[in-house]
1. Taking the conditions exactly as written (part of a helix (DSSP H, G or I) and modelled with pLDDT under 95), does LYS41 satisfy them or not?
2. Any chance the range 144-161 includes a residue that's in a helix (DSSP H, G or I), on the phi < 0 side of the Ramachandran plot and open to solvent by less than 20 Å² (accessible area, probe 1.4 Å)?
3. Considering only residues that are within 19 Å of the chain's Cα centre (by Cα) and surrounded by fewer than 22 Cβ atoms within 10 Å (Cβ to Cβ), which ones fall in the range 177-194?
4. Could you please let me know if ALA170 is crowded, with 17+ Cβ neighbours inside 10 Å and either in contact (Cβ under 8 Å) with a residue 40 or more places away in the chain or of a type in the set (A, V, I, L, M) (or both)?
5. Could you tell me which of the residues PHE126, PHE160 is aromatic (Phe, Trp, Tyr), within 21 Å of LEU232 (Cβ to Cβ), at pLDDT 95 or above and in contact with a Lys or Arg (Cβ under 7 Å, 6 or more places away or on another chain)?
6. Out of the strands (runs of 3 or more DSSP E) lying entirely within the range 210-325, which hold 2 or more residues that are surrounded by 22 or more Cβ atoms within 10 Å (Cβ to Cβ) and in contact (Cβ under 8 Å) with a residue 12 or more places away in the chain?
7. Being closer than 26 Å to ASP172 by Cβ and out of contact with any Lys or Arg (no Cβ under 9 Å at 6 or more places or on another chain) is the filter here; which residues of the range 314-350 pass it?
8. Counting only residues that are aliphatic (A, V, I, L, M) and in contact with a helix residue (DSSP H, G or I) (Cβ under 7 Å, 6 or more places away or on another chain), which one in the range 195-209 is surrounded by the most Cβ atoms within 10 Å (Cβ to Cβ)?
Amino acid sequence: MKYFFTGVILTVVILVSFIGHRQNVMNIATLPFDDEQNGLKEQIIIHFSHVVAENTPKGLAATKFAELVKEKTNGRVIVQVYPNGILYNDDNEFEALQNNDIQMIAPSFSKMTTYLPSWQVLDLPFIIETDQQLQQVLTGPLKDQLLDQLAPLHIKGLHFWSNGFKQIAANDSPIIQLNDFQNLRIRVMDSDMIHRQFSLLGATPITTTFGDVFYEIENNAIQAQENTLSNLYSKGFHQYEKHITLSNHGIMGYAIMMNETFWNSLDPDIQQHITDALEEMSDWQFETSTKMNAASLQELAQTDGISIHSLTAAERRIWKDALGQIYDSYKHEINDSYYQLLIEQVKLSN
């Protein structure tokens, strides 16, 4: 019986080999060539992680960037966007980028001050006052010099995006006078400059990741926050923070960056397509940010129970005077040349 089964197996093997030889199915070189499948092997995937909602200036810009890159490279480069901190939060995304676990991030300027203190120049309050000034600053030589500082961290700095101006949102009552800040637990980003600002105003600054803000508000761990209108509305913070002060005291923007090793692995033509995409969408990004914040303000104004107060010129002056020492502190302790360049760029747009 054993010999019978052995004979059957040998017969099957011989038949398969014979048929395969006649049909050429064993010869890989003669298989039909699939251009599409070959293209997939060469396709480059860029994993782009960020922490805000898709319907925000940064979220829409990330989607627009992905579309442009795919178009310019004829599908060879695919940017996969991961919003809402689904991969990493704003505390660990930079380390993930350095490790090349992801290839692109767009952290806020304030988050980068932990690594590069000179970036605190963009956290100085009440210097940039108009959308035109903001665009001039974020597209001019100051941008280039700050992005160049990323090189020692093995990061390729690519561009800046805007999310407009920051406002104050509070749970219990509007923040207007200086005494409204007294002992107020206010959520801020991890920037020494911002911590000092609110300490000077009398508040107690508290740092949390962006993803934890809603939980902290719900549990009354924080009583207020500074943020842009688009972030306040898209994340639903106004469900608890019903008092919004339009202060325009500072700006929020994002640094678009890529892992340096990954960037250097790209062909020069691919690198050019990426930088071209960012340049091409630059004006669109600023316009979209301005429109989205305006639309968010309109939605908030029409929401029952929301009170909105615009700081008067006199109120803004009182706030700014209370922060006076912070400007000299940056100039003398951190980087006077960046401060002077910031002032020059603001004046250029006037």
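1. The answer is yes for LYS41.
2. The answer is yes; a qualifying residue exists.
3. Here is the first cut: in the range 177-194, the residues within 19 Å of the chain's Cα centre (by Cα) are 187-191, 194.
Of everything in the range 177-194, just one residue is within 19 Å of the chain's Cα centre (by Cα) and surrounded by fewer than 22 Cβ atoms within 10 Å (Cβ to Cβ), namely ASP190.
4. When the stated conditions are applied, ALA170 passes them.
5. Exactly one of PHE126, PHE160 is aromatic (Phe, Trp, Tyr), within 21 Å of LEU232 (Cβ to Cβ), at pLDDT 95 or above and in contact with a Lys or Arg (Cβ under 7 Å, 6 or more places away or on another chain), namely PHE126.
6. 224-227, 243-259
7. ALA314, GLU315, ARG316, ARG317, ILE318, TRP319, LYS320, ASP321, ALA322
8. ALA203
The values are calculated or read from the model by the stated rules, or taken from the named source; none is laboratory data. This is a predicted model, so every value here is computed, not measured. When we count neighbours, we look across all protein chains shown, and the Cβ atoms used for this are built from the backbone with ideal geometry, even at glycine. The protein model used for the area step is the full one, side chains on, heavy atoms only, and it has no ligands, DNA or RNA in it. Shrake-Rupley method; radii C 1.70, N 1.55, O 1.52, S 1.80 Å.
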